[in-house]
Amino acid sequence: MSEIAEAPKPLTTPIPGPAADPGLDAWRELPIQQQPDWRGTDEHARAVDELSSLPPLVFAGEVDVLRQRLAEAARGKAFLLQGGDCAETFDGATADKISARVKTILQMAVVLTYGASMPVIKMGRMAGQFAKPRSSNTETRDGVTLPAFRGDIVNGFEFTEESRRHDPSRMVRAYHTAASTLNLIRAFTQGGFADLRLVHQWNQGFSANPAYKQYESLAAEIDRAVRFMDACGADFDALKRTEFFAAHEALLLDYERSLTRTDSRTGLPYDTSGHFLWIGERTRQLDSAHVDFLSRVRNPIGVKLGPTTSGDDALALIDKLDPNREPGRLTFITRMGAKNIRENLPSLVEKVTASGAEVLWVTDPMHGNTVTSANGYKTRRFDDVMDEVRGFFEVHDALGTVAGGLHVEMTGDDVAECLGGADPIREEQFDDLYESLCDPRLNHRQSLEMAFLVSGALAA
Ligand code: PEP
Ligand code: MN
């Protein structure tokens, strides 16, 4: 009976996910920016259905621990280090690249811990940092216009019609890539690789460079301290493992909503795609879908604040995202630009402090300092990046508030994407060593150098 067309396979409800709170879908009626145009297709519904039935990537209990850690950082008793790619890629999720990035974050954290004599909360822009906001919906090359690359979770970087198509099945691939990335991170940080007695080994294979030399002498000091404590009979179990959290920009709400689950202990919704989620500078409008959705999940939330943010904007975001003024709930990640930070940050911090709200202030010294090199690459100057970090510390020192963390785009690899540093990267190196599909990252040496400079500021 071939003339009878097969009935279309019924799709389960388009509103996905086991979390029951109807408010979790209120965002669907609100203005929303930066989403793909795949809604309403069967492909989209299938991807969302599949994601909704997959296990959580992180556990609610871990998210609660992180909230406590961030509360400590807001009070100046810990320091947050967030680092990783601007845009993770599916192809880049290899053991070598993941281990180099984790190792670099661990090295930076050791340097910061030593300088600040306080715990450093380690967090990767990893295992979910696949979606990118873009300033234009399209890209034109040689007279051909195609949809802009929005990150591997939406479309491919290759400049062809097929690759640039918004493909919902990429969300499922993003989930599996995040799962294998997290698996390796957990193995590295729990399985002995992060043991503080191996500080030297994290640096192996690198040549003589000012930051490496400095690291080696610090590692030798740590070694001496560890041997001393060992001789005294100290218990080193705590040094064998380290906590490591996963963070990304919660940009693609189909993905975030589909991975939101009700926690069986508390009955509350957690976005289990990562421990910490942030709202980008382009999607933080008060009445927008992004702010509404994230106001309803229990994860600690960050918001990027650019140079045009007013004190009233900040207060309204606090009211919406942290109405109960819960310690550790809200982090403001300022990205003002080196030119603006000393001028714009004080009034923002003063207004928030005067309101009685306690947020964690973190500096992202990357996104306000992007320039184009003479040979046409998107880049950042290490000096500008450091200048913004210094400005951030100066402002908080002057106000008596807490400079609580650092958010950087970095990699463990030997790339050339940001200019300068002690062993300076020059733009002639970009043609061979520029790998980022999106924003330029600090390479391994520049990341370590930054850690030493920030460590000095924390020790001061
Ligand atoms: C990012 O963190 O890669 C990003 C796009 O940042 P912002 O929202 O601050 O521009
Ligand atoms: Mn970026």
Worksheet, complete the sentence: Simple SL model, points at 7 angstrom along Cα→Cβ for Ser169 and Gln68; separation in nm is 4.4 nm
Worksheet entry | Nonlocal amide H pairs with Ile121, under 5 Å, H built at 1.01 Å | Phe79, Leu80, Leu81
Item to complete: Within 10 Å of each residue's Cβ, count the other Cβ atoms and sort Phe293, Phe244, Phe452 from fewest upward.
Response: Phe452, Phe244, Phe293
Fill in: Degrees between helix 311-321 axis and first principal axis of the chain (Cα, 0 to 90, nearest 10)
60 degrees
Worksheet, complete the sentence: For the Glu158, Lys77 Cβ pair and Förster radius 35 Å, calculated FRET efficiency rounded to 0.05 is 0.15
Discussion item. Based on alpha-carbon atoms only, what is the radius of gyration of region 320-460 relative to the globular estimate 2.2 N^0.38 Å?
Written reply: 1.14
Worksheet item: How large, in Å, is region 378-460 by the Kirkwood hydrodynamic radius built from its alpha-carbon pairs?
Response: 13.5 Å
Worksheet item: Counting only residues 5 or more places away or on other chains, whose amide H sits under 5 Å from the amide H of Phe244 once H atoms are built in the peptide plane?
Response: none
Worksheet item: Tell me, what ³J(HN,Hα) does each residue in region 395-412 have, in order and in whole Hz, if you take phi through Karplus 6.51 cos²θ - 1.76 cosθ + 1.60 with θ = phi - 60° and put x for Gly and Pro?
Response: 4, 5, 4, 5, 8, x, 9, 9, 7, x, x, 10, 10, 10, 8, 8, 9, x
Fill in: FRET efficiency for Gln429 and Val371, using Cβ-Cβ distance with R0 set to 22 Å, rounded to 0.05
0.85
Fill in: 0 to 90° range, to nearest 10: angle between helix 169-190 axis and the chain longest Cα axis
30 degrees
Worksheet item: Is the shape of region 96-146 rounded, prolate or oblate, going by the alpha carbon gyration tensor and its root eigenvalues a ≥ b ≥ c, with a/c under 1.5 for rounded and a/b larger than b/c for prolate?
Response: prolate
Worksheet item: Once the Cα atoms of helix 60-74 and of the chain are each reduced to a long axis, what angle between those two axes, in degrees from 0 to 90 to the nearest 10, is obtained?
Response: 40 degrees
Worksheet, complete the sentence: Unpartnered Cys in the chain, judged by a 4.7 Å Cβ-Cβ cut-off, are Cys232, Cys418
Worksheet entry | Length-normalised contact order of region 257-335 in % [C-alpha pairs under 8 Å, at least 6 apart] | 28 percent
Discussion item. I'd like to compare 298-311, 425-438: which one has the highest average count of other Cβ atoms within 10 Å, and what's the full order after that?
Written reply: 298-311, 425-438
Worksheet, complete the sentence: Note, region 236-241: 3J(HN,Hα) by Karplus (6.51, -1.76, 1.60, θ = phi - 60°), whole Hz, Gly/Pro = x, goes 9, 3, 5, 8, 6, 10
Response to the item:
In this structure, the FRET efficiency calculated for Asp287 and Ala231 from their beta-carbon separation, with R0 = 60 Å, to the nearest 0.05, is 0.45
Fill in: Spin-label pair Gln201/Asp142, simplified geometry with 7 Å Cα→Cβ offset, distance in nm
4.9 nm
Worksheet, complete the sentence: Once normalised by the length of the chain, the mean sequence separation of its alpha carbon contacts under 8 Å that are 6 or more apart gives a contact order in percent of 21 percent
Worksheet item: Sequence-distant or interchain residues sharing an amide H contact under 5 Å with Thr260, placed H: which?
Response: Thr272
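The numbers here are math on the coordinates, done by the rules we state, and not lab data. No experiment lies behind these values; they were computed from the predicted model shown. Glycine also receives a Cβ, built like all others from the backbone with ideal geometry; neighbour counts cover every protein chain displayed.
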